[in-house]
Amino acid sequence: MNISVSRRMTITVALVLYLAALVWNLPAAVVWRLVATQLPAQVSLEGLTGTLWSGQVRRMLVEGIDQGALAWDWQPGQLLRGQLGLALEWQPRNGRVDGDLRLSVGKITLENVNGRLDAASMAAVNRAPFVLGGTWLLHVPILELRQFELVQRAEGRLVWENAAGGLPQPLQLGHLTADFSSNEDWLVLQLSDQGGPLGLAGSARWRPGQPMYIDSRLMARPDAEPGLVGGLQLLGNADAAGWVSWRAQLQ
């Protein structure tokens, strides 16, 4: 009987090891086919290689727009918390962003996201109807989504250094900031400036699959270019302090 028990134990261990090896070497392409239909946007991948635990994508297309390359590595310690953890490296055109991804049932969390993006390149690849300049500096300790579309927690800051925008040439705007928080399942951004040509105050709110809603006040300071002054005048009349109210819905 001891021989029979030992044999069954050996077979069981062998099966467990075999299944573990299958999971460990599960191709990323197989996993992607299971996940792709659950995303709130149309995403296609080119040059997908590696496994669920370590791999890369040469090019991601979101709604047909090229969003650059992506690489990931498994963080096994996150399994102790009942979630899948991946270290991510995103490389869009002329930029790089690193962060940690946490996946659990009904929840996706981004942590320790840091990086810099070239505003001109991002505007070009996302087919923006205007020209941008400057650098976006991103620092997000946490952004937690429930069901891929509801913002449960958010904390972070986006700094737009040497901001510029407009047509046919971008106008200088100064340094602008957006501080992140969450409220009623929305990502809320508190908007402000750092004393440059464009005065900015107000807020915006956004979540995946929804437009961004902006409720702000703008001001052209004395050092602003004439084009910026004229552009703000088109938005409406300034109040006694020189502020122009601007509300918008951006897709």
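Here are some notes:
- Residue within segment 100-113 that is part of a helix (DSSP H, G or I) and buried (at least 16 other Cβ atoms within 10 Å of the Cβ) present: no
- Taking each residue of segment 97-108 that is more than 26 Å from Trp136 (Cα to Cα) and looking for partners that are part of a strand (DSSP E or B) and of a type outside the set (S, T, N, Q) with beta-carbon atoms closer than 8 Å, six or more apart or interchain, yields Leu103/Leu84; Leu103/Gly85; Leu103/Leu86; Ser104/Leu84; Gly106/Arg146; Lys107/Glu144; Lys107/Leu145; Lys107/Arg146.
- Here the condition is being touching a residue at least 60 places away in the same chain (Cβ under 8 Å) and not basic (Lys, Arg); of Phe130, Phe148, it holds for Phe148 alone.
For (1) touching a residue at least 12 places away in the same chain (Cβ under 8 Å); (2) touching a Gly at 6+ places or on another chain (Cβ under 8 Å), each residue gets a yes or a no:
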| residue | (1), (2) |
| --- | --- |
| Trp186 | yes, no |
| Ala204 | yes, no |
| Leu228 | yes, yes |
| Gly231 | yes, yes |
| Gly236 | no, no |
| Asp239 | no, no |
| Gly242 | yes, yes |
| Ala248 | yes, no |
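- Cross-chain or 6+ apart pairs with Cβ under 6 Å, segment 78-92 first and over 13 Å from Val113 (Cα atoms), then at pLDDT below 75: Gly85/Gln78
The values are calculated or read from the model by the stated rules, or taken from the named source; none is laboratory data. Here the structure is a predicted model, which means the values were calculated and not measured. Heads up, the Cβs are rebuilt from the backbone with ideal geometry, glycines too, and the neighbour counts pull from every protein chain shown.
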